Amino acid sequence: YHTDFWGTRNEKFEQCLNNDLQSIEWEKVEPSNPFYLFKPQNKILKKKYFKFWSIKDIFNIKSVGIVTGNDNFFIDYSEEEIKKKIQKIKRIKISLQQVFEFSDNFFEKKEKYLKEIKNQNQQILKINYRPFDERYIWHNEKLLERSRSNIMQHFIDKENIGLIVSRSATGQSSWQDVQITNKITEFGIMGNSASIYPFYIFQDNGDTNGNGYLFKNEEKRDNFTKGFRKFIKKKYSKKTINKDEKIVLEKKIKLKEQGIKGLQKTIKTFEAIGDNDILEELKSNLSEVKKQISSLEKKLQQTKTSTYSPSPEEINGYIYAILHSKTFINTYTEFLKIDFPHIPFVDNQKDFINLSKAGWKLIQVHLQNKDIEGKKYANLGLYKGDGDNIVVKTEHKVIKENNKIYNRLYINETQYFENVSEQVYNFYLGGYKVLSKYLKYRKNKDLQINEIENIEDIIKIISYTIEQKKIIDKLFIRSH
């Protein structure tokens with residue numbers, strides 16, 4: 001049996017004191033497969049939700065992010081700082097543990113490999129550490145606690161994208177546990193255990209006959225399971241007609257046919273005259289126009305019979321859109337919080353394509369590949385004020401000056417980012433309040449130009465995300 005008490009801690013204590021087992025209103029719970037939860041669930045929604053495709057059944061391989069075992073040592077804000085550490089290790093004569101304050105456990109496991117690096121070149125890579133917080137990592141698989149090479153190899157020196165999704169989420173009012181990456185990623189990217197699903201796998205393809213890949217060449221192939229490939233092809237395999245192309249082709253054919261009629265009349269005229277030279281040229285032109293009509297008719301037939309096969313980018317754009325739909329999240333929050341997300345695939349092909357396009361736009365913005373256009377974004381997050389750029393205290397303030405209201409994100413007493421709404425400041429990804437977390441890591445540190453510009457971009461990205469989620473939600477509602 002289950003019940004809920006609502007209110008402050010003291011109010012809950014008071015309810016306990018003033019009630020007993022008989023006076024409390026209970027709800028009978030029947031724990032069921034696969035989670036056997038001791039709390040009520042909407043059985044109708046549950047049945048519907050678990051018929052959707054689980055994200056773990058869509059992708060072939062996945063993994064959580066890199067675990068260094070010592071972030072302060074392996075990860076830094078600049079490549080130069082890591083190079084300094086490596087050079088220091090190569091030069092040092094006394095105990096490395098003493099100089100770098102390694103824990104006994106870490107040093108015991110890694111001492112041998114630390115000594116080996118003195119005569120080796122070391123790899124320094126960019127890493128997604130926290131939301132929109134790119135840093136540098138000393139990438140040595142022997143030294144890292146968990147390098148996750150089975151997944152990260154598909155991002156190192158390769159153009160790839162990966163979906164980041166949590167298996168479960170706790171302590172949040174709403175589910176917001178999806179991100180995107182195009183490089184190696186650290187374990188804590190979401191604040192909880194989140195898995196990375198690459199779009200593509202780069203390696204020796206081997207014997208792939210019969211697997212029906214949606215994309216495959218000598219270098220890479222899609223990372224979807226065989227079962228999902230079969231499903232998605234069947235789901236959206238209906239014949240499509242490109243209406244715009246069809247209209248253009250039909251107009252061209254009609255014009256050519258009119259041209260043929262004109263040529264035929266002209267030929268009859270010159271046959272009567274008996275001018276064989278011109279007749280030969282006209283008949284040659286007639287033959288060429290007929291060939292052109294035949295070619296156009298073949299193209300027209302193709303527009304009528306072509307089948308649609310979604311690309312990995314379109315599928316992932318669609319998944320990203322679904323996981324940003326407020327209606328989807330609100331409807332299935334209780335299930336999203338306890339297991340890998342399950343994705344519903346709409347029946348209508350046009351709805352799938354529209355959601356995919358909206359999701360793909362959001363992916364490009366989140367990867368910071370696309371500039372955010374529009375006047376309403378131009379003045380958001382502008383950095384202002386005189387000072388030393390040192391982050392002292394992060395605080396969002398609503399200021400009234402000269403009958404105007406200003407929303408500002410302060411980093412110290414005199415410097416701030418202008419036009420930052422409370423909604424943007426309070427925006428979460430996973431367990432992190434994005435802007436607050438980014439600045440908290442840099443407390444007592446002077447912000448560099450690239451960091452200031454990045455914060456300005458993050459403010460615009462979050463603002464765009466809030467608006468794009470509204471568009472996605474309208475598309476989602478319309479598709480159901």
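The values are calculated or read from the model by the stated rules, or taken from the named source; none is laboratory data. The structure presented is a predicted model; accordingly, all values stated were derived computationally and were not measured. In this analysis, Cβ positions are derived from the backbone assuming ideal geometry, glycine residues included, and neighbour counts consider all displayed protein chains. Quick note on the areas: whole protein, heavy atoms, side chains included, nothing else; ligands and nucleic acids left out. Shrake-Rupley method; radii C 1.70, N 1.55, O 1.52, S 1.80 Å.
Ligands, DNA and RNA are left out, and with a 1.4 angstrom probe the accessible area of segment 47-151 is 56 Å² per residue. Taking only the C-alpha atoms of the chain, the Rg (one decimal) and the largest Cα-Cα distance, Dmax (whole number), read 30.7, 117 Å. Over segment 237-289, the reciprocal of the mean inverse Cα-Cα separation, the Kirkwood hydrodynamic radius, stands at 13.1 Å.
Using θ = phi - 60° in the Karplus curve 6.51 cos²θ - 1.76 cosθ + 1.60, the 3J(HN,Hα) couplings for segment 45-58 round to 5, 4, 4, 5, 4, 7, 8, 5, 6, 6, 4, 6, 9, 7 Hz; x is entered for Gly and Pro.
Note: relative contact order over the chain, using C-alpha pairs below 8 Å and six or more positions apart, is 15 percent. Of the accessible area of segment 49-200, computed with a 1.4 Å probe over protein heavy atoms only, carbon and sulfur atoms account for 41 percent.
The largest-to-smallest principal axis extents of the Cα set in segment 335-480 are 56, 36, 27 Å.
Using a Förster distance of 25 angstrom, determine the FRET efficiency expected from the C-beta separation of Lys233 and Asn33, and round it to 0.05.
The pair Lys233/Asn33 has a calculated efficiency of 0.25.
Of the trypsin sites (Lys or Arg not before Pro) in segment 393-423, the ones in a loop by DSSP (not H, G, I, E or B) with at most 12 other beta carbons within 10 Å are Lys393. Extension gain for the segment Glu413 to Ile449, taken as residue separation times 0.36 nm less the Cα-Cα distance, is 11.0 nm to one decimal. Packing-based ranking of 139-150, 355-366 yields 355-366, 139-150, ordered from highest to lowest mean Cβ neighbour count within 10 Å.
Rounded to the nearest 10 degrees, the angle from helix 276-305 to the longest Cα principal axis of the chain is 30 degrees.
Loop-resident GluC sites (Glu not before Pro) (DSSP state other than H, G, I, E or B) in segment 380-456 with no more than 13 further Cβ atoms inside 10 Å of their Cβ: Glu413.
The protection proxy used here, the mean number of other Cβ atoms lying within 10 Å of each residue, ranks peptides 161-168, 222-229 as follows, highest first: 161-168, 222-229.
Could you give the length gained on full extension between Lys56 and Asn369, defined as 0.36 nm per residue of separation minus the Cα-Cα distance, in nm?
Numbers: separation 313, 0.36 × 313 = 112.68 nm, distance 2.71 nm.
Full-extension gain reported as 110.0 nm.
Surface analysis of segment 332-480 yields an accessible area of 52 Å² per residue, using protein heavy atoms and a 1.4 Å probe. Taking amide H atoms as placed 1.01 Å from N in the peptide plane, the amide H of Leu367 has no partner under 5 Å among residues 5 or more positions away or on other chains. So, with a 1.4 angstrom probe, what is the percent of accessible area on segment 345-480 that is carbon and sulfur? Of all accessible area on segment 345-480, carbon and sulfur atoms account for 45 percent.
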